[in-house]
Amino acid sequence: MMQTRVFDKTQLLIAAEAIQRGDLIAFPTETVYGLGANAFDEKAVAKVFRVKGRPSDNPLIVHVANAEQAESLFQNTPKGFHALVERFFPGPLSIIGWKNDVVPSAVTAGLPRVAVRMPHHRLALAFIRLCGVPLVAPSANRSGKVSPTSASEVIEELGGRIAGVIEGGRCSIGIESTVLDLTSRQPTILRPGCVTAGEIEGVLGVSVRIGRGETDRPASPGMKYTHYAPAAQVVLFFGPQERVQRQMIELADEHQQRGKRVGLLAPRAMKLRIADAFHSLQAGSAIDYAREMYRGLRALDHEAVDVIFCPAIAEEGLGIAVMNRLKKAASAIVDVRKR
Ligand code: TXA
Ligand code: MG
C-alpha cells in the first residue's frame, strides 16, 4: 500500500512531475474522474490496467490539452474531425481515428484505432499541459464498479493503490463521454453520452449509427463487460409514475419482510416514506439523472441497502446515455407499462 496524496489546484506541478516519473494520478473532468498516466509510458499504462483490474483487451481513451495534440496521435486526420473539434472540444466527446506509431499498442489494447478527448475542465487541461504528454485516463474506479464523480470517491476506489488524486470538486456532467468512431464507413456511436447522435449529425451533415456494442464491428470492447454496478442490486422500473410507485411500495414491503433494506434513487417528487434510504434525482430531468446517478448509487451503498429501486426515464437525448448506464447497473427490471 502506498500513501495516496490529495493535490489541490496549487499543486498541479507536483502531480505532473509524478506523471513524468511514471506514477498514476487521478484527476477531475467534467464527466467523471479519470485515472491518469503518461500515454507514451508503457509501464505506466500497464500499471493502469493492473490497478483497475481492467481486462487487457479494453482500450483506454487518450486525453489531450488541445486539438493539435489530438491530431498528433492519428495516422491521418479523420474526416469530420475539425468540424467536431470546432463544436465539441473541449467537451464530453471521445473521437476514434486510426492511430499512428507514437501511440503504444497497450493503450489501444492492440487495436489500430485510438480514442482521444479534450476534457472541458480547467484543472484537467492545466494538468495535461503541465505533464507535457497526453494522458490515458479510464474512469478512476476498480473495473466493473461505479465511476467516481468526486475526489473522495476516487480515494474510496483506489486509495492506497495510486500516487495521488487532484481535488477538483464534483463533476458537472456525472457520466462518461460519448465515444464516436470515425473509422467506420458511417460515423458510429460506440457509447452514448452527453453529446447526442442528433448533435453530431447536425455538425457532420451525415447520419450517425448507434452501435450496439459487442455485436457490432468495430465494437467498443468495453461494452461487453458488466459496468457501473453498485454492491446493492438495482431494480429498474418502467411505467407511469403512479403505477411505478404503487409497485415500489408493494415490492419494498416484500423485501423488508424478508429483513432486507430498500434504497430509493428517484426524483424528489417520487420520494416514498417506506424506503429505508433515499437519494434525490432532484427534478428528474436527464441532466439531473446524469449528475446524481453514480453519486446516488454510491451513497445508497453506504446506507447498506440490499436493493435500490430506480424509475426509468425516456430514452431520448441525454436520456439514452442515462438509460444505457442504468440498464447495465440493473439486475432486474419491473415493467408496469401494460398491466
Ligand atoms: O468521460 C470519459 O470518457 C471518462 C473520463 C475520465 O474522461 N473516461 C472513461 O474511460 O470513461 P473508460 O476507460 O472508463 O471508458 C472508455 C470506453 C471503453 O468502453 C472503451 O472500450 C472505449 O471507451 N474505447 C476506448 N478506446 C477505444 C478504441 N480505440 N476503440 C473502441 N473503443 C474504445
Ligand atoms: Mg469506465
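The values are calculated or read from the model by the stated rules, or taken from the named source; none is laboratory data. The structure presented is a predicted model; accordingly, all values stated were derived computationally and were not measured. No Cβ is skipped: glycine too gets one built from the backbone with ideal geometry, and neighbour counts run over all protein chains shown.
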Quiz prompt | Checking Arg212 against (1) among the charged types (D, E, K, R); (2) over 30 Å from Asp8 (Cβ atoms); (3) touching a residue at least 40 places away in the same chain (Cβ under 8 Å), the condition it does not meet | solution = (3)
Quiz prompt | In segment 91-117, residue surrounded by the fewest Cβ atoms within 10 Å (Cβ to Cβ) [restricted to those that are more than 10 Å from ligand 1 (Cβ to nearest atom) and free of Cβ contacts under 8 Å to residues at least 40 places away in the same chain] | solution = Asp101
Practice problem: Just give me the residues in segment 26-71 being more than 17 Å from the chain's Cα centre (by Cα) and among the acidic types (Asp, Glu), in sequence order. | Solution: Asp41, Glu42, Asp57, Glu68, Glu71
Quiz item: When segment 143-199 is examined, which residues are found to be among the polar types (S, T, N, Q) and either closer than 10 Å to Tyr33 by Cα or within 16 Å of the chain's Cα centre (by Cα) (or both)?
Solution: Ser143, Ser147, Thr149, Ser150, Ser172, Ser177, Thr178, Thr196
Quiz item: Only one residue in Asp288, Asp306, Asp335, Asp276 is under 13 Å from Gly174 (Cα atoms) and surrounded by fewer than 21 Cβ atoms within 10 Å (Cβ to Cβ). Which one?
Solution: Asp288
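Considering only residues that are small (Gly, Ala, Ser) and either away from ligand 2 (no atom under 16 Å from the Cβ) or over 21 Å from Arg191 (Cα atoms) (or both), which ones fall in segment 90-137? Spell out how you get there, then give the answer.
Residues of segment 90-137 that are small (Gly, Ala, Ser), as a first pass: 91, 94, 97, 105-106, 109-110, 115, 124, 126, 132, 137.
Passing the criteria: Gly91, Gly97, Ser105, Ala106, Gly110, Ala124, Ala126, Gly132.
So for segment 160-174 (the condition being without any contact (Cβ under 8 Å) to a residue 40 or more places away in the chain, more than 16 Å from ligand 2 (Cβ to nearest atom) and assigned to a strand (DSSP E or B)), does at least one residue qualify? Don't jump to the end; show me each part of the working.
Filtering segment 160-174 for residues without any contact (Cβ under 8 Å) to a residue 40 or more places away in the chain gives none.
No, the conditions are met nowhere in segment 160-174.
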Exercise. Restrict the check to segment 157-169 and report whether at least one residue is touching a Lys or Arg at 6+ places or on another chain (Cβ under 6 Å) and among the charged types (D, E, K, R).
Key: yes
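When segment 175-191 is examined, which residues are found to be within 14 Å of ligand 2 (Cβ to nearest atom) and not hydrophobic (A, V, I, L, M, F, W, C)? Before the answer, list the steps.
Filtering segment 175-191 down to residues within 14 Å of ligand 2 (Cβ to nearest atom) leaves 175-179, 190-191.
Passing the criteria: Glu176, Ser177, Thr178, Arg191.
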Practice problem: Could you list, in sequence order, all residues of segment 1-56 that are among the charged types (D, E, K, R), away from ligand 1 (no atom under 16 Å from the Cβ) and assigned to a helix (DSSP H, G or I)? | Solution: Lys9, Glu17, Glu42, Lys43
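Looking at Thr4, Thr31, Thr77 in this structure, which one is among the hydroxyl-bearing types (Ser, Thr, Tyr), modelled with pLDDT of 95 or more and within 15 Å of ligand 2 (Cβ to nearest atom)?
Values: Thr4 fails: within 15 Å of ligand 2 (Cβ to nearest atom); Thr77 fails: within 15 Å of ligand 2 (Cβ to nearest atom).
None of the other options fit; the residue is Thr31.
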Quiz item: Taking segment 1-19 as the search range and keeping residues that are of a type outside the set (Val, Ile, Thr) and over 14 Å from Gly168 (Cα atoms), which one is surrounded by the most Cβ atoms within 10 Å (Cβ to Cβ)?
Solution: Ala16
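The rows are residues; the columns are (1) modelled with pLDDT of 55 or more; (2) in a loop (DSSP other than H, G, I, E, B); (3) within 16 Å of ligand 1 (Cβ to nearest atom).
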position: Cys194; (1), (2), (3): yes, yes, yes
position: Gly222; (1), (2), (3): no, no, yes
position: His227; (1), (2), (3): yes, yes, yes
position: Ala231; (1), (2), (3): yes, yes, no
